[in-house]
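The values are calculated or read from the model by the stated rules, or taken from the named source; none is laboratory data. All values derive from a computational prediction rather than experimental measurement. Positions of Cβ are backbone-derived with ideal geometry, glycine not excepted, and every protein chain shown enters the neighbour counts. Only protein heavy atoms, including side chains, enter the accessible area calculation; ligands, DNA and RNA are left aside. Shrake-Rupley method; radii C 1.70, N 1.55, O 1.52, S 1.80 Å.
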Amino acid sequence: MVDHLLFYVNGKEILERNVESEWNLLCYLRNKLRLTGSKLGCGACTVLISRCINRNSGEIGHRRINACLAPVCSIDGCHVVTVEGLGSTSKSNLHSTQIRLAELFASQCGFCTPGMVMSLYGTVTSKNNSLPTMEDIEEAFDGNLCRCTGYRPILDAAKTFACDINKLDYQKSSSPRVSTTFDKCFSYAHQNTSPINRVPFPDKLRDYIPQSIHIK
Ligand code: FES
């Protein structure tokens with residue numbers, strides 16, 4: 001048990017007292033904060049955790065995690081970004097990762113989509129000033145399962161963010177990465193180069209020192 005936890009979820013400060021050590025982050029998000037975008041299913045609970053990893057330089061580290069496996073005590077001092085923090089249809093402000101997956105047919109029933117969005121967002125924002133390669137993106141989706149869309153449209157849509165997509169000569173390539181949906185994604189990538197919005201890291205957490213966990 002810990003006396004209190006200080007963390008942020010989607011830019012909002014949360015001070016939580018008397019947290020039970022058995023709670024996992026997914027239950028906390030869904031049941032306590034009523035953020036039900038993250039689902040219990042392999043990879044559908046993916047969220048992005050950021051924390052200050054060097055107080056001198058102010059460097060921020062990012063990690064995609066399965067919220068169902070993370071004790072809520074472990075996020076003291078972290079900024080948690082869930083799919084609700086990126087955008088929503090009700091606010092008419094979908095994030096570019098969400099738009100990309102929707103417009104390129106990378107979702108059917110949608111159960112896995114919040115996790116896919118968060119894996120993609122985590123990958124395209126983890127390197128502060130550069131985009132991932134196509135290979136990075138393939139690896140980022142390792143833990144995300146989808147039962148109905150099929151992985152090829154999802155990966156092809158995600159790869160439109162890759163920094164090396166221009167190196168692929170689609171017309172001549174016999175690369176196994178090329179698929180029937182890739183031609184649409186390839187041309188889409190050239191027409192849609194809008195910047196990727198990042199959820200800012202809270203200043204208050206730059207100086208916060210997480211407390212020790214005491215097991216009773
Ligand atoms: S879209 Fe249905 S599980 Fe992936």
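Descriptive notes on the structure:
- Condition met for S21 (touching a residue at least 12 places away in the same chain (Cβ under 8 Å) and touching a Ser or Thr at 6+ places or on another chain (Cβ under 6 Å)): no
- Top-ranked residue of the stretch 70-124 - restricted to ones that are within 30 Å of E59 (Cβ to Cβ) and among the acidic types (D, E), ranked as nearest to the ligand (Cβ to nearest atom): E84
- Residue in the stretch 45-62 that is closer than 26 Å to D142 by Cβ and within 16 Å of the ligand (Cβ to nearest atom) present: yes
- Any pair with Cβ under 6 angstrom, 6 or more apart, that starts in the stretch 52-71 at a residue that is in the same structural domain as W23 (by TED's automatic domain parsing) and ends at one that is open to solvent by 60 Å² or more (accessible area, probe 1.4 Å) and among the β-branched types (V, I, T): E59/I53; G61/I53
- Scanning the stretch 140-168 for residues that are among the charged types (D, E, K, R) and surrounded by 13 or more Cβ atoms within 10 Å (Cβ to Cβ) turns up R152, D156, K159, D164.
- Residue check, E138 farther than 22 Å from G37 by Cα and either within 16 Å of the ligand (Cβ to nearest atom) or free of Cβ contacts under 8 Å to residues at least 60 places away in the same chain (or both): yes
- Within the stretch 199-213, being surrounded by 14 or more Cβ atoms within 10 Å (Cβ to Cβ), of a type outside the set (F, W, Y) and in a loop (DSSP other than H, G, I, E, B) holds for V199, P202, P210, Q211, I213.
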